[in-house]
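One structure below.
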Amino acid sequence: MTKIALFPGSFDPMTNGHLSTIKSACKLFDQVVIAVSTNSSKTTLFSAEEKMTLIETATKDLPNTKVIEHTGGLTVELARKINATSLIRGLRNTQDFEYEAAIAAMNKTQLPELDTVFFMADERYRFVSSSLIKEVAMFGGDVSHLVPEQINDAIIEKYKRDKIR
Ligand code: ADP
């Protein structure tokens with residue numbers, strides 16, 4: 001049986017922390033499906049299409065990854081649809097733990113056969129979040145060591161363009 005894992009997230013944008021979790025998951029699963037949420041109630045820096053293209057580029061050397069859109073609805077439903085047996089999530093700190101534990105327990109009530117598999121964040125990126133990256137980059141800070149190269153370029157480009165407007 002092909003072991004498929006679903007890694008859902010906002011990825012606005014994807015960071016080296018996310019990428020490290022994806023690399024670890026790739027060693028355990030036959031296929032890791034990265035689902036980019038396109039929750040319209042949230043204002044995002046990157047559009048769904050931009051986020052997906054950036055992730056595809058950053059994961060091009062990981063052959064057992066695939067990027068899809070998560071347009072809404074329950075994550076467990078998406079997992080069922082793509083025949084995933086596990087959900088992947090990353091844990092940086094106790095705050096993540098509390099939040100993720102509740103979601104994992106709730107998901108278990110909805111689809112008991114789906115397990116959530118947690119990866120401890122890479123020590124180097126434990127403090128990295130997409131929102132902090134954006135905050136620093138918005139004020140001209142250097143985040144090139146915290147995100148994949150093309151994503152760093154895209155962030156710089158985004159804020160440059162916004163300033164011109
Ligand atoms: P969401 O809105 O679903 O939390 P995120 O893109 O913020 O979307 O995060 C997706 C997953 O990646 C979550 O499980 C989150 O805890 C994890 N994650 C976020 N940043 C890191 C990081 N630096 N290292 C490891 N995991 C991370």
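Data table
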read-out	value
Test for residue 148: is it over 19 Å from residue 10 (Cβ atoms) and of a type outside the set (Gly, Ala, Ser)	no
Qualifying residue in the stretch 15-38 (condition: part of a loop (DSSP other than H, G, I, E, B), within 16 Å of residue 152 (Cβ to Cβ) and under 9 Å from the mean Cα position of the chain (by Cα))	yes
Odd one out for residue 99, checked against (1) touching a strand residue (DSSP E or B) at 6+ places or on another chain (Cβ under 9 Å); (2) free of Cβ contacts under 8 Å to residues at least 12 places away in the same chain	(1)
Within the stretch 48-95, considering residues that are among the charged types (D, E, K, R) and touching a strand residue (DSSP E or B) at 6+ places or on another chain (Cβ under 7 Å), the one least open to solvent (accessible area, probe 1.4 Å)	51
Residues of the stretch 102-123 satisfying the condition of being over 18 Å from residue 21 (Cβ atoms) and either surrounded by fewer than 16 Cβ atoms within 10 Å (Cβ to Cβ) or near the ligand (Cβ under 9 Å from one of its atoms) (or both)	102, 105, 106, 108, 109, 110, 112, 113
Conditions (1) within 14 Å of the ligand (Cβ to nearest atom); (2) of a type outside the set (D, E, K, R); (3) at pLDDT 95 or above: number failed by residue 84	(1)
Residues located in the stretch 17-47, provided they are over 21 Å from residue 122 (Cα atoms), open to solvent by 30 Å² or more (accessible area, probe 1.4 Å) and of a type in the set (Ser, Thr, Tyr)	38, 40, 41, 43, 44, 47
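The values are calculated or read from the model by the stated rules, or taken from the named source; none is laboratory data. Note that the structure is predicted; figures quoted are calculated from it, not measured. Methodologically, a virtual Cβ is constructed for each residue, glycine included, from the backbone with ideal geometry; neighbour enumeration extends over all protein chains shown. SASA here: full protein model, heavy atoms, side chains in, ligands and nucleic acids out. Shrake-Rupley method; radii C 1.70, N 1.55, O 1.52, S 1.80 Å.
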